[in-house]
Each structure stands twice: as C-alpha cells, then as structure tokens.
1. For A51, which of the numbered conditions (1) in contact (Cβ under 8 Å) with a residue 24 or more places away in the chain; (2) more than 16 Å from the ligand (Cβ to nearest atom); (3) more than 24 Å from S123 (Cα to Cα) fails to hold?
2. Name the single residue that is nearest to H79 (Cα to Cα) among those in the range 212-243 being open to solvent by 30 Å² or more (accessible area, probe 1.4 Å) and hydrophobic (A, V, I, L, M, F, W, C).
3. Within the group Y209, Y205, which residue is open to solvent by 50 Å² or more (accessible area, probe 1.4 Å), within 14 Å of the ligand (Cβ to nearest atom) and closer than 24 Å to L45 by Cα?
4. Pairs under 7 Å by beta carbon, first residue in the same structural domain as L78 (by TED's automatic domain parsing) in the range 10-29, partner not in a helix (DSSP H, G or I), six or more apart or different chains?
5. R63: among the basic types (K, R), over 30 Å from V167 (Cα atoms) and open to solvent by 50 Å² or more (accessible area, probe 1.4 Å), yes or no?
6. Could you list all residues from the range 92-150 that are in contact with an Asp or Glu (Cβ under 6 Å, 6 or more places away or on another chain) and more than 16 Å from the ligand (Cβ to nearest atom)?
7. When you go through (1) of a type in the set (V, I, T); (2) touching a helix residue (DSSP H, G or I) at 6+ places or on another chain (Cβ under 9 Å); (3) within 12 Å of the ligand (Cβ to nearest atom) one by one for T163, which number turns out not to apply?
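The values are calculated or read from the model by the stated rules, or taken from the named source; none is laboratory data. Predicted model, so just to flag it, every value in this text is computed and none were measured. Because the Cβ atoms are built from the backbone with ideal geometry, glycine has one as well, and the counts that use them run over all protein chains shown. When the accessible area is computed, the model is the full protein with side chains, heavy atoms only, and any ligands, DNA or RNA have been set aside. Shrake-Rupley method; radii C 1.70, N 1.55, O 1.52, S 1.80 Å.
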Amino acid sequence: MHRAAFGWAGLRGEYIAERIPAPELPARLAALRRDPAALGANLSLPHKESALPLLDSLSDAARQIGAVNTVVRRGSELHGENTDAPGLLAALLDAGFASLGGPVVVLGAGGAARAAVYTALISLEREVYVVNRSRARAEELAAAWFIPQADVQVRDVQVQAATLAEVPWSQISLIINCTSAGLDDPQGTPLPDFDFRCCPQAGVYDMVYRPAETRLLREARAAGLAAHNGLGMLAHQARLAFQAWTRVDVPAQVFLQALGGAQP
Ligand SMILES: NC(=O)c1ccc[n+]([C@@H]2O[C@H](COP(=O)([O-])OP(=O)(O)OC[C@H]3O[C@@H](n4cnc5c(N)ncnc54)[C@H](OP(=O)(O)O)[C@@H]3O)[C@@H](O)[C@H]2O)c1
C-alpha cells in the first residue's frame, strides 16, 4: 500500500516490514529517533501499547485509546498517533454507517476494540455496549471511559460492558467486530447461533478482512443487513499514517487498489 502511495505522490521512499521482539523495541525506537532518513513507522501487536512510554509526545487520541499504531519522526523526537480510530471512522462514513442513529455494539476488548470505542463514543457520540468473550476485559475497557477525561467532552453518552442478553438489540444501529474471530477461518464468528433479525436496523462492520466475506458478514447479509469488511479501515489507517509522515493526502482508492482491488 505504502509503495503505491509513494509512487502516486511522486516521492522516493520505501516501506519495510521488520519483526521486532518485544525486548528490542526500546533500542529500535532509539535507532529510529537517530535515523535522519526515517519518516516514522507503523507498530503492530504487541508494540501498540508498550510503545507509549517510549515516545516523546502523543496525540490526544493515542493517549486516550492507549495505543499507538503510527510513529512520526519530528527532528530527533518521536510522536505517537493512532490512525486506527480515524481510519475506522472514515470507513464507517464510506459505508454509510456513520449517520445511523442509535447505540453501537463493539465486539471484543483488545486494542482494536479500544479504538472502536473511541470512534463510537467520541467521534460519533453514541452509547456503546462492549461485548467480549472474557467479560472481565470488557468491564476493564468500559471502566476506563467512566473516568472523566480532562480534554474530552463525553456528553450524555456512555460505554458499558454487556452480555449478548443484555444488549437492547432492536435499538442497535451498528455492530463492529473487533475480535479476531473469523480471521483466516471461514467458520469462525464472534456471534455463533445469533439471529440478525433481532437488529434489523443495524449495519455490520467487521474489522477482519481475510477472508473478504467472513461468516459474520455472510450471516448478516443473509438476514438483509448491510455489512462491510475491514479493508476500508485498513486502507484509511494507512492513508492517514502516510499523510502524517509525508503531509501528502493520497486517495484511499490508491491504497485499496494496492490491496488487490478487493471490495470492502
Ligand atoms: N481492518 C483494520 O485495519 C484492522 C485494524 C486493527 C485490527 N484489526 C483486526 O481486529 C482484530 C482484533 O485486533 P486486536 O489488535 O484488538 O487484537 P487483540 O488485542 O488480540 O484482541 C483480540 C480480541 O478478540 C477476541 N477473540 C479472539 N478470538 C475470539 C473468538 N474465537 N471468539 C470471540 N472472541 C475472540 C479476544 O477476546 P478475549 O479478550 O476473550 O481473549 C479479544 O477481545 C484482528 O482480527 C485484527 O486483524 C483490523
């Protein structure tokens, strides 16, 4: 995706994948800080959270979400941003899901779920139900948002942990799958034995994009619901990271085409 973006922008640049064992992250970030040719980096699991104290500054979103996926080198300082949350927002806008009123269900309680709660609660100002396999993690995630945030206006909306039975399904406007259930597994789903007819107004956004149609998407579509995979989010988070590094806004379509022209 980033090679295609460099080409589109007419810039000479390289995007290199590196596997960094967890204990080596501080030294790798220190080397990045000293490298005059480096624009920055993306971080993936397990570094998104552990990098926070190793950076010189953080965007408000990265600090509130507690995860950094994009590091920008500014002189000899490293700045941490989270483009997963605005990437998700942009994908929800593309899908027509951002304008649907009503509460949102976030499935999962890992780093991606935290970004989704930020998007639903702060950007869309929706009530959020967090449903996770391990209830304790959902409670922990929800509790973090009850603490008044100094620099965020959480108006009347709130976030709470819930079991499937506790969710007011008929009111739900959006279900966001932030679990890895279904990833590379055509039969995997975070909602086995679920009847989508209980939430006829809901859109379904699955952050998983491999396979392109997960079981969750297949079953939601079979019940007549609009449903999209995570390719749009993947493309938009990359677009926003590229913009943070180069200040060039490359169209999301360039990133999507580089992903093989697959449809979100
Ligand atoms: N489209 C994009 O751009 C994008 C961006 C970020 C992430 N993602 C995707 O989002 C997913 C989650 O990423 P993450 O970083 O949040 O991972 P993570 O921190 O490891 O969290 C994984 C979550 O999935 C749940 N889970 C795993 N297997 C499950 C199963 N079989 N049934 C139900 N729940 C299950 C876990 O529940 P427990 O807490 O009970 O273990 C946990 O809540 C991954 O598939 C990742 O590829 C996509």
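1. All conditions pass for A51, except number (2).
2. Per the stated criteria, the residue is L240.
3. Y209
4. Listed by first residue and then by second, the contacts come to A22/P46; L25/A51; R28/I20; L29/A51; L29/L78.
5. Judged against the criteria, R63 is not a match.
6. P103 - this is the single residue of the range 92-150 that is in contact with an Asp or Glu (Cβ under 6 Å, 6 or more places away or on another chain) and more than 16 Å from the ligand (Cβ to nearest atom).
7. Against the list (1) of a type in the set (V, I, T); (2) touching a helix residue (DSSP H, G or I) at 6+ places or on another chain (Cβ under 9 Å); (3) within 12 Å of the ligand (Cβ to nearest atom), T163 comes up short only on (3).
For (1) closer than 24 Å to A138 by Cα; (2) not charged (D, E, K, R), each residue gets a yes or a no:
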site	(1), (2)
Q160	yes, yes
E166	yes, no
D185	yes, no
Y205	yes, yes
P211	no, yes
A220	yes, yes
A223	no, yes
N229	yes, yes
